[in-house]
1. Filtering segment 576-609 down to residues that are among the β-branched types (Val, Ile, Thr) and part of a helix (DSSP H, G or I), which residue is surrounded by the fewest Cβ atoms within 10 Å (Cβ to Cβ)?
2. Under the condition of being modelled with pLDDT of 95 or more and assigned to a helix (DSSP H, G or I), which residue from segment 229-252 is nearest to ligand 1 (Cβ to nearest atom)?
3. Those residues that are in contact with a strand residue (DSSP E or B) (Cβ under 7 Å, 6 or more places away or on another chain) and hydrophobic (A, V, I, L, M, F, W, C), I need them from segment 649-683; list them, please.
4. Can you tell me how many residues within segment 109-146 are out of contact with any Gly (no Cβ under 6 Å at 6 or more places or on another chain), within 16 Å of ligand 2 (Cβ to nearest atom) and touching a residue at least 60 places away in the same chain (Cβ under 8 Å)?
5. Could you list all residues from segment 103-112 that are touching a strand residue (DSSP E or B) at 6+ places or on another chain (Cβ under 9 Å) and open to solvent by 10 Å² or more (accessible area, probe 1.4 Å)?
6. Starting from residues that are outside any loop (DSSP other than H, G, I, E, B) and open to solvent by 40 Å² or more (accessible area, probe 1.4 Å), keep the ones in segment 120-149 and report whichever is farthest from ligand 1 (Cβ to nearest atom).
7. If you take the residues of segment 72-98 that are more than 15 Å from ligand 2 (Cβ to nearest atom) and in contact with a Gly (Cβ under 9 Å, 6 or more places away or on another chain), which of them is most open to solvent (accessible area, probe 1.4 Å)?
8. Would you check if Ile186 is of a type outside the set (Lys, Arg), buried (at least 20 other Cβ atoms within 10 Å of the Cβ), within 16 Å of ligand 3 (Cβ to nearest atom) and not in a strand (DSSP E or B)?
Amino acid sequence: MSTITDISGIAGFQPGSRQPSRAASTPTLAEVEAVYRRPLLDLIEQAHAIHREFHPEGEVQLCQLLSIKTGGCPEDCAYCPQSAHYQTGVKAEALLDAATVLDEARRARQEGATRFCMGAAWRQAKAGADFERVLEIVRGVAGLGLEVCCTLGMLNPEQARRLAEAGLTAYNHNLDTSPEFYDRIISTRQYEDRLATLAHVRDAGLQVCCGGILGLGESESDRIRLLQVLASLPAPPESVPINALVPVAGTPLERQPPVEPLEMVRMIAAARILMPRSKVRLSAGRLELTDEAQTLCFYAGANSIFMGEKLLTTPNPVPDRDLDLLRRLGLRPEPPHRHGEPPRSAAAPAPGTGSAITAAEAEMEAELARLEAQSRRRRLAPAAGEDFCSNDYLGLADHAGIRQRMLAALGPGARLGSGGSRLVRGNAAEFERLEARMAAFCGAEAALLFPSGYAANIGLLSAIARPGDVFFSDALNHASLIDGMRLSGAERRVFPHLDLHALESLLRRPVPAGGRRWIVVESLYSMEGDRAPLAALAKLARQHGAALIVDEAHATGILGGNGEGGVAEAGIAEAVLARVHPCGKAVGAAGAFVCGSRTLCEWLVNRARPFIYTTAPPPWLAVQLDAALDVIQNEPWRRQRVKALAAELRAALHQSGCRLADDHSPGRDPESPIVAVLFGPDQAAVAAERQLAAAGFDCRAIRPPTVPEGSARLRLSVHATHTPAMLARLADELRRCLPLPPSHHPPS
Ligand code: SAM
Ligand code: DTB
Ligand code: SF4
């Protein structure tokens, strides 16, 4: 059995190539392994989703193969009936003449093929008359409007260039298996020889067709490794044939056991995920696959087959059977290319062969595929199901009274857009009135409205601190706080979440001369649901000459007698430099206030770049925020209900056996509207999200890097609009998502 070793120097192209030596982002062996070894149904499901995203639905490309020079090959590929080393009954023949080949190509086109692939049993493409004839054939086939692919053995750069000039679309040159297993199959050439030809093909601007064979006696690790090498080429191959060995009497592999059909499915699905744009070709070995197995291959992402009763020398299903299967599956052959139009390429051009834009996009694709492989690719999806994930805790995003106020304010003459930044033309009396109201509401001297919570946090922190200062930051602070601290150029010292001892010891350490200390926390943590000990923090800040900054993102509207937030509730307004009150959560709208002294707000007007260089929000936002503040003050039952329901849900979840993220937190609040159910592995949280979605609940899995590694969770948020019956049903459904306790596992 072969072992997996480092890939460096193998996947990269040879010195002298115009290509970069490695793709900008290539999957690690562990990542490929994680994809390959996923439970088969998950793997297929994911592959299918990617397939639908990148390829026309229901389309299968039909390719016709023709052996233009059969047998007598000096190479000793152990699977190949055409090798002169073995007695297989395949006779050595001369290169076919151009007219015969073109007749075959015409017939193939008539039968629905859009790609014509020609194979020659050569160690390397011949120089002289034979090569000139191949070029003539390529020109002729390309002239028929077909994609043209050749496989002629090794190529030098000049041959690759001339084939490209003649109109060749792609060159097939398989790596077949892992670099470690290769010498067990072929002794007359090296893996590196294959890579060198692939580099010449790419350099000539040709598409690369490169795949492998299953069933040679390789291990799963070899298959994983082959996938890694393929996905790590400087640009992914546009075409990836996956063959199952056709054992041919006389070859050393004649007695190999047949490949398990589901192994073909797994290989195809993994190739689809790792190389989303490539055509994945279900190639040799289809005669041994049932219709059902082929169906799964198509579902898992195969979108091309070889048609015709013969491949190069071995049998293949008859065309009628294939066409009948496609028809029964509702699949259709890829339509012919319009004559004279260059065949389109599904894959991004290789870096260096296209424009800077396509090269950049190819890098993005590679990185996205990597995220996909880690189950971390995010996708926008329309909202569906009962809302247990938004931050609209009080139900104000859909409040009839607020809507009425807005409709009344949006009558004739109302300005719809602000027309500029606050400092140019975008200021409005409504904003200033609203800021004064917000300041009074939360007991601050002044308030300043930013377009979003993110803008407020980065604007505030980058404007107040400078290099030489030190931020003391809770480990679970929001990304916008982290970004603001980074932008300021000040040092950042991170203390474990809510750990005041650790904070104190960091505060004791010296800061650079003239440097100031800033402590940054959230009052209610968005991904845990626990609360910062604000009074103790204020005390520490005073003792160590630090200024305290509190992000009230999830506390605004929830904490405090009137919903003014955690700082007001703790009675420490005087000890806090700035509070940030985003309005996109319980306030149900958008924008965010920074509340503090008049001096602070004036400083931000002059120095906070996200305030200065942004178009002011539309004036109607001031109306919506004003109306929402009225509701927050006048309808205290909303926050009381949220808290009571949250306590009920937590109790039910504990009873169901769920672990909550704040179970052991010193800041645990049984009434917190944020209830994070811990799953640990990403896949478990994602599976629970899907299961709940199927039951009609919209709950989202939160995965790293948003939360620490190994702590993927479902973050539930409780709303005033929920009912006890809904919560009970949710808790019940969640219980079904939990892994079985050890005593319930069947004996192994
Ligand atoms: N000399 C060319 C070369 O080696 O690239 C000739 C093409 S060769 C026939 C193309 C591919 O067909 C091989 O790389 C292998 O993947 C596949 N192949 C050859 N014999 C096979 C067999 N008996 N079963 C399955 N696939 C086979
Ligand atoms: C590929 O990967 N499979 C095709 C094509 N590329 C050239 C060839 C399959 C050949 C199977 C053995 C034979 O028929 O000789
Ligand atoms: Fe067969 Fe190609 Fe190997 Fe020759 S080089 S033996 S044709 S697979």
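The values are calculated or read from the model by the stated rules, or taken from the named source; none is laboratory data. Quick caveat: nothing in here was measured; it's all calculated off a predicted structure. So basically every Cβ, Gly included, is an ideal-geometry build from the backbone, and we count neighbours across all protein chains shown. Heavy atoms of the whole protein, side chains included, go into the accessibility calculation; ligands, DNA and RNA do not. Shrake-Rupley method; radii C 1.70, N 1.55, O 1.52, S 1.80 Å.
1. Keep residues of segment 576-609 that are among the β-branched types (Val, Ile, Thr), which gives 576, 580, 587, 594, 599, 605.
The next check asks that each one be part of a helix (DSSP H, G or I); those that pass are 599, 605.
Values: Thr599: 10, Val605: 14.
Once the filter is applied, the top-ranked residue is Thr599.
2. Leu230
3. Leu649, Leu653, Cys658, Leu660, Ala661, Ile674, Val675, Ala676, Val677, Leu678, Phe679
4. Residues that pass the stated criteria total 8.
5. Glu104, Arg107, Arg109, Glu111, Gly112
6. Filtering segment 120-149 for residues outside any loop (DSSP other than H, G, I, E, B) gives 120, 124, 129-143, 147-149.
Still in the running and open to solvent by 40 Å² or more (accessible area, probe 1.4 Å): 124, 129-130, 132-133, 136, 139, 143.
On the way: Gln124: 9, Ala129: 19, Asp130: 14, Glu132: 19, Arg133: 17, Glu136: 20, Arg139: 21, Gly143: 24 Å.
Across segment 120-149, the extreme among qualifying residues is Gly143.
7. Step by step, filter segment 72-98, then rank; the result is Gln87.
8. For Ile186, the condition - of a type outside the set (Lys, Arg), buried (at least 20 other Cβ atoms within 10 Å of the Cβ), within 16 Å of ligand 3 (Cβ to nearest atom) and not in a strand (DSSP E or B) - is met.
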